[in-house]
1. So which residues in region 60-107 are open to solvent by less than 50 Å² (accessible area, probe 1.4 Å), of a type in the set (A, V, I, L, M, F, W, C) and assigned to a loop (DSSP other than H, G, I, E, B), if there are any at all?
2. I need the full set of residues from region 131-165 which are among the acidic types (Asp, Glu) and either surrounded by fewer than 20 Cβ atoms within 10 Å (Cβ to Cβ) or in a helix (DSSP H, G or I) (or both), in order please.
3. Inside region 108-130, can you point out the residues that are of a type outside the set (Phe, Trp, Tyr) and either part of a strand (DSSP E or B) or open to solvent by 30 Å² or more (accessible area, probe 1.4 Å) (or both)?
4. Which count do you get for residues in region 3-59 that are at positive phi and part of a helix (DSSP H, G or I)?
5. Considering only residues that are within 21 Å of THR75 (Cα to Cα), of a type in the set (A, V, I, L, M, F, W, C) and within 10 Å of the chain's Cα centre (by Cα), which ones fall in region 96-140?
6. So ASN174 ticks every box in (1) open to solvent by less than 10 Å² (accessible area, probe 1.4 Å); (2) in contact with an Asp or Glu (Cβ under 9 Å, 6 or more places away or on another chain); (3) not acidic (Asp, Glu) but one. Which box is left unticked?
7. Go through region 214-242 and report how many residues are modelled with pLDDT under 95, in a helix (DSSP H, G or I) and among the aliphatic types (A, V, I, L, M).
8. Within region 184-194, identify whether any single residue is in contact with a helix residue (DSSP H, G or I) (Cβ under 7 Å, 6 or more places away or on another chain), more than 15 Å from ARG220 (Cβ to Cβ), modelled with pLDDT of 95 or more and assigned to a strand (DSSP E or B), and answer yes or no.
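The values are calculated or read from the model by the stated rules, or taken from the named source; none is laboratory data. Quick caveat, the model's predicted, so the values are computed rather than measured. No Cβ is skipped: glycine too gets one built from the backbone with ideal geometry, and neighbour counts run over all protein chains shown. Just so you know, the surface numbers come from the protein's heavy atoms only, side chains and all, with ligands and any DNA or RNA stripped out. Shrake-Rupley method; radii C 1.70, N 1.55, O 1.52, S 1.80 Å.
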Amino acid sequence: MNTQTLEQMKQLRLHGMIRAFSSSLSPQSVDYTNDELIAYLIQSEWDDRQNRKVERLTKTARFRYSAVMENIDYTHDRNIDRNQIQRFATCDFITQKDNILITGSTGAGKSYMASAIGHQACSLGFKTMYFNTSKLFTMLKTSKADGSYLKQVNKIEKQDLLILDDFGLKGLDNINRHSLMEIIEDRHGKKSTIIASQLPVEAWHEIIGEQTIADAILDRLVHTAHRIVIKGESMRKKLKNG
């Protein structure tokens, strides 16, 4: 009877329930009542599906770092507001369609922080994508050539959270400028975006170029965004010297 039940669970792909039911058959297992056993099986299946969903979202996001909120360095000279970051951990900013702009010098930990918030978003079930900005623009140019541009842009638009890392390492040409405008316009007031950059926000206008488009992009990004300016010594240098 138990073998048949396990086989039926397997065919129904109830993986969490299979493990829980197998465990309940062990001589060392808890002596469950019928109600307790049903609750245990359902909870185990629920947990398994949630864990697999988080794994799938995290894999799809393609983060640069395997980062977690708990490992963000709040050393006093880094100018990071712990309360602000902990509020971001709830991901309410995503449900509120807010943006986050993270700036700081090379090695300050911008990419790690953006990735940590992204990992947290995945753990809470939000669809997330991470891009190095230059690689994103290269991919979009290639997609224009092979006819998949609209597919790629639509995929980006559907993400609850988009992370653009290393923004502004070089000025945007006309093609990249218009691609960025399209992405930001599609997401404005609908989805959240995190941008990490070595350059202060005040320098982004020049990086984007073409005043009208730069004004339009920054108007949608900056004015209601949460801003984090990380200061202090390079974390990579600090770790090396430590």
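1. PHE63, ALA67, ILE72, ILE80, ALA89, CYS91, listed by residue number.
2. The answer is ASP146, GLU157.
3. HIS119, GLN120, SER123, LEU124, LYS127, THR128, MET129
4. Count: 0.
5. Scanning region 96-140 gives ALA114, ALA116, ILE117.
6. The single condition ASN174 does not satisfy is (1).
7. 3
8. no
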